[in-house]
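The values are calculated or read from the model by the stated rules, or taken from the named source; none is laboratory data. Predicted model only: the values in this text are computed from it and were never measured. Cβ atoms come from the backbone with ideal geometry, glycine included; neighbour counts cover every protein chain shown.
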Amino acid sequence: MSKPVIIGISGPTLSHDEAILLREHRPRGVILFSRNITNKLQLSDLLASIRSELPSDGVLMVDQEGGRVARLKSPHWPELPPAASLQTAEAAFGHGAALGAMVREAGFDIVTAPVLDLAYPGASSVIGDRAISHDPEIVAQFGARLAEGLISQGIIPVMKHLPGHGRAMVDSHFALPRIGAKPSELEADFYPFRANNNLPWGMTAHILYTELDPELPATLSPIIISHVIRGRIGFEGILVSDDLAMEALQGTPAERAQAALAAGCDIALYCPGDMAGNKAVLEAVPDAA
């Protein structure tokens with residue numbers, strides 16, 4: 001049985017120590033970023049070496065959306081536009097299908113898209129043109145079609161960032177965003193996720209919603225995960241944390257992983273690829289029940 005953890009690795013090849021770590025601690029999967037990818041042949045060799053060390057239920061994930069969030073890059077892979085450029089539901093399906101075909105042919109199982117956060121003028125640019133629209137109905141509809149395009153290619157989509165990142169005024173990679181909107185105001189942010197609550201995977205937001213839980217960001221909040229993500233939004237799929245190395249969170253990597261899982265996340269995601277952090281997270285997390 002695998003551990004409920006997905007980790008990054010350090011570079012374009014799987015090191016001897018990383019192979020031993022995967023073999024001995026059996027994480028649920030590995031996520032790749034630009035530092036891991038140089039060309040098609042190199043990537044094929046890397047994914048084969050990783051998959052040979054993962055447990056039978058292991059998955060290979062890539063952080064790829066289109067636009068500026070692209071780890072598979074030109075000239076080896078086609079460039080896709082940002083989600084904000086999508087003008088019709090049919091275009092959203094085509095975007096998802098093209099993205100799905102690209103990552104499937106590269107050898108991945110899961111892609112961290114679609115982004116279902118709303119576009120808010122004046123908010124942090126961390127979401128920006130990654131958002132489909134400011135209109136919850138359009139985000140819900142286009143997001144669903146984008147996910148359908150991914151699924152049509154055999155790729156598992158991960159909708160993000162539950163319960164809504166769009167209002168954040170700071171980038172959660174570097175600081176903890178605080179959103180003080182009332183629950184009634186947040187209904188617009190919840191809507192695209194609620195409309196897509198049948199999708200198989202979702203990702204949390206490292207955001208403190210002061211009117212929902214004044215103490216803990218969503219990733220670490222049993223209140224938000226239980227009452228909002230599982231309750232109000234009705235998501236029943238696999239809930240993975242956003243990258244636990246981001247500066248929005250406090251504590252050691254092991255403490256963050258334990259807290260995310262205790263709060264109700266199904267999988268702890270730790271992306272930097274540093275051996276010490278990977279080892280600490282994997283040693284701190286028990287095997288899945």
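For the stretch 269-289, filtered to residues that are assigned to a loop (DSSP other than H, G, I, E, B), among the hydrophobic types (A, V, I, L, M, F, W, C) and surrounded by fewer than 18 Cβ atoms within 10 Å (Cβ to Cβ), the residue that is modelled with the highest pLDDT is ALA288. Only one entry in ASP266, ASP213 is at pLDDT 95 or above, surrounded by fewer than 24 Cβ atoms within 10 Å (Cβ to Cβ), touching a Leu at 6+ places or on another chain (Cβ under 7 Å) and among the acidic types (Asp, Glu), namely ASP266. Hey, can you tell me all the residues within the stretch 223-279 that are among the polar types (S, T, N, Q) and under 16 Å from PHE193 (Cα atoms)? Correct list: SER226, SER241. Taking the listed residues GLU215, GLU187, the one that is farther than 21 Å from PRO82 by Cβ, of a type outside the set (A, V, I, L, M) and not in a loop (DSSP other than H, G, I, E, B) is GLU187, with no other qualifying. Of the residues making up the stretch 135-164, those that are under 21 Å from ARG178 (Cβ atoms) and not in a strand (DSSP E or B) number 2.
Has the stretch 79-92 got at least one residue that is free of Cβ contacts under 8 Å to residues at least 60 places away in the same chain, outside any helix (DSSP H, G or I), of a type outside the set (Val, Ile, Thr) and touching a helix residue (DSSP H, G or I) at 6+ places or on another chain (Cβ under 7 Å)? For the stretch 79-92, residues free of Cβ contacts under 8 Å to residues at least 60 places away in the same chain, outside any helix (DSSP H, G or I), of a type outside the set (Val, Ile, Thr) and touching a helix residue (DSSP H, G or I) at 6+ places or on another chain (Cβ under 7 Å): present. When THR252 is tested against (1) surrounded by fewer than 24 Cβ atoms within 10 Å (Cβ to Cβ); (2) in contact (Cβ under 8 Å) with a residue 24 or more places away in the chain; (3) within 24 Å of VAL115 (Cβ to Cβ), exactly one condition is not met: (3).
Residue check: SER172 meets all listed conditions (1) surrounded by fewer than 23 Cβ atoms within 10 Å (Cβ to Cβ); (2) assigned to a loop (DSSP other than H, G, I, E, B); (3) among the polar types (S, T, N, Q) but one, namely (1).
Of all residues in the stretch 13-36, those being farther than 27 Å from GLN258 by Cβ and either over 21 Å from the mean Cα position of the chain (by Cα) or buried (at least 21 other Cβ atoms within 10 Å of the Cβ) (or both) number 2.
Cβ-Cβ distances below 7 Å connect the following pairs, each with a first residue in the stretch 32-44 that is under 12 Å from PRO75 (Cα atoms), a second residue that is at pLDDT 95 or above and surrounded by 14 or more Cβ atoms within 10 Å (Cβ to Cβ), and a separation of six or more residues or different chains: THR38/PRO12; ASN39/HIS76; LYS40/HIS76.
Looking at ARG104, ARG167, can you tell me which residue is at pLDDT 95 or above, assigned to a loop (DSSP other than H, G, I, E, B) and basic (Lys, Arg)? Working first, answer last.
Numbers: ARG104 fails: assigned to a loop (DSSP other than H, G, I, E, B).
The conditions single out ARG167.
Here is a check on your reading of the model: is ILE229 in contact with a strand residue (DSSP E or B) (Cβ under 9 Å, 6 or more places away or on another chain) and of a type in the set (Val, Ile, Thr)? Against the criterion (in contact with a strand residue (DSSP E or B) (Cβ under 9 Å, 6 or more places away or on another chain) and of a type in the set (Val, Ile, Thr)), ILE229 qualifies.
Number of residues in the stretch 49-63 that are over 21 Å from PRO157 (Cα atoms) and in a strand (DSSP E or B): the value is 0.
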